[in-house]
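First the structure, in the form of structure tokens, and then the observations on it.
Just so you know, all these numbers are worked out from the coordinates, no wet-lab data involved. Please read all numbers here as calculations on a predicted model, not as lab measurements. Glycine also receives a Cβ, built like all others from the backbone with ideal geometry; neighbour counts cover every protein chain displayed.
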Amino acid sequence: MKKELRPFHDHVSCAVCGRTILKGERTEAFLAPGGDRHGVCELCFVRADHAGWIRESAHGDTPTRGPLPQERRPLFGRLRRRGAQEATPEPSEGDLASADDGVGPGVDGGAGNGDAPAPRPRRQPYVPPPDPRHVRAVPTTAEVKIERALDLFNASEHQRTVAGLSRSLGLPWATALPDPDAPSTVTLVVAWELSWYRYRVDLGDAVEPVALQAKGDELTDIDQSLHDWNAGLDDEGRLVIGTAE
């Protein structure tokens with residue numbers, strides 16, 4: 001009978017890399033954290049140590065379970081703590097010198113003698129200057145006041161209104177008299193038989209010197225003192241000194 005030859009070497013593989021152990025290759029038994037025994041090749045000793053496995057030969061001197069991982073803080077807490085550490089400024093040389101002298105940073109050395117620091121002067125709130133009013137020089141004589149008032153009236157939009165009415169109602173009567181109660185004011189009245197307008201001209205106002213004060217339909221509504229009719233319209237529809245025909 002023919003004998004069958006079989007190798008006495010059993011096929012053993014590394015528990016870490018899975019490679020078949022060669023004949024004569026050195027292996028070592030490791031104990032996993034659960035207590036299971038595994039064979040590890042020489043090339044995987046370091047990987048087994050990192051995995052928390054313990055050499056069976058050192059099992060009596062080393063605990064079977066590896067060290068517990070350190071509890072990690074939540075991500076938000078770690079970021080907040082890191083930001084607080086970065087925001088804390090390091091003391092400067094001047095601060096350290098002040099600390100050696102017993103004086104806090106930024107405080108005068110005299111405060112260490114018991115004297116309270118002088119209070120800072122309170123800043124007064126800024127008050128803008130008043131807006132200057134646009135004023136003009138006011139004439140002193142009545143004649144010059146009337147001439148100035150007529151010039152201002154003819155330069156305003158009210159002159160165009162009067163000129164337009166005169167095309168349909170004819171030439172008006174007009175009065176220009178200084179106001180005795182207001183030295184810078186001249187009163188103008190433009191009247192027709194069917195309507196009238198009274199204006200106030202402020203010779204000292206450079207923004208809106210001419211303003212319509214009143215208007216009506218009856219000439220009897222006009223104060224009798226304003227019936228002098230010392231002005232009228234010229235050919236260009238401007239109000240001038242003179243009596244209307």
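The distance separating the Cα centre of the range 158-196 from that of the range 222-239 comes to 6 Å. On the beta carbon distance between HIS50 and LYS23, with R0 = 45 Å, the FRET formula returns roughly 0.95.
Full extension of the chain segment joining ALA182 with SER225 gains 13.9 nm, where the gain is 0.36 nm per residue of separation less the Cα-Cα distance.
How much length, in nm to one decimal, is gained on full extension between ASP235 and LEU171, taken as 0.36 nm per residue of separation minus their Cα-Cα distance? Don't skip to the end; give the middle numbers.
Numbers: separation 64, 0.36 × 64 = 23.04 nm, distance 0.99 nm.
Gain in length upon complete extension: 22.0 nm.
Other residues with beta-carbon under 15 Å from the beta-carbon of ARG37 carry, at +1 per Lys or Arg and -1 per Asp or Glu, a net charge of -2.
To make sure I understand, if each residue's beta carbon is the centre and we count other beta carbons within 10 Å, what order do LYS23, LYS215 fall in, fewest to most?
LYS23, LYS215
Remark: the range 159-221 carries a charge dipole of roughly 300 debye about the Cα centre, counting +1 on each Lys and Arg Cβ and -1 on each Asp and Glu Cβ. Peptide packing: for 144-150, 175-181, the average count of neighbouring Cβ atoms within 10 Å per residue gives the ranking 144-150, 175-181, highest mean first.
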